[in-house]
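Structure, as C-alpha cells:
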Amino acid sequence: MLDIIFYPTPTFNKWDKSWVGSIPGLFGPFLGIFLFYAWKYSDISFVHYLHIATHPSVISPMLSLGVVINLFIFFPFVWNDYYNAARGVIGATILYSIPILIYKFL
C-alpha cells in the first residue's frame, strides 16, 4: 500500500505537464471572482463591482475566495494521476498567495 503512495507509477500522458495545470490554475480565480459577482452582485455593473473590489480590505478575501476554485481544478488532476499538472495548479496557487498575504498584512 505504501509503495503506491511513495512510488506511484509514472504517467506517460501528453497532458501530464506542468503548464497544463498552471494555465487553468492562473485563470481559475478570475472565474471564481466572476461567478461570485454573478451570484451575489449582479444588480450592479461589473465595472462598479471591480471598483469596490479594489479596496484593500476587500481584495484579499476576494482573491482568497477565487483561489478556492483551484481545488476544483487540482483534484481531477490528482484523481487521474496527472501529478505534474497538479503541480502546476499548486504553483499557480502559490503565485496568488503572495499578493493575498501582502494585501492582508499591509
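Descriptive notes on the structure:
- Qualifying residues in region 71-100 (those that are among the polar types (S, T, N, Q) and surrounded by fewer than 20 Cβ atoms within 10 Å (Cβ to Cβ)) - the one farthest from Gly25 (Cα to Cα): Asn80
- Taking region 46-67 as the range and being β-branched (Val, Ile, Thr) and surrounded by 14 or more Cβ atoms within 10 Å (Cβ to Cβ) as the test, the residues that pass are Ile59, Val67.
- Inter-residue pairs, beta-carbon under 6 Å, first modelled with pLDDT under 95 and in region 70-99, second outside any helix (DSSP H, G or I) and open to solvent by 50 Å² or more (accessible area, probe 1.4 Å), 6+ apart: Asn84/Lys17
The values are calculated or read from the model by the stated rules, or taken from the named source; none is laboratory data. A quick note: this is a predicted structure, and the numbers were derived from the prediction, not measured. Heads up, the Cβs are rebuilt from the backbone with ideal geometry, glycines too, and the neighbour counts pull from every protein chain shown. The protein model used for the area step is the full one, side chains on, heavy atoms only, and it has no ligands, DNA or RNA in it. Shrake-Rupley method; radii C 1.70, N 1.55, O 1.52, S 1.80 Å.
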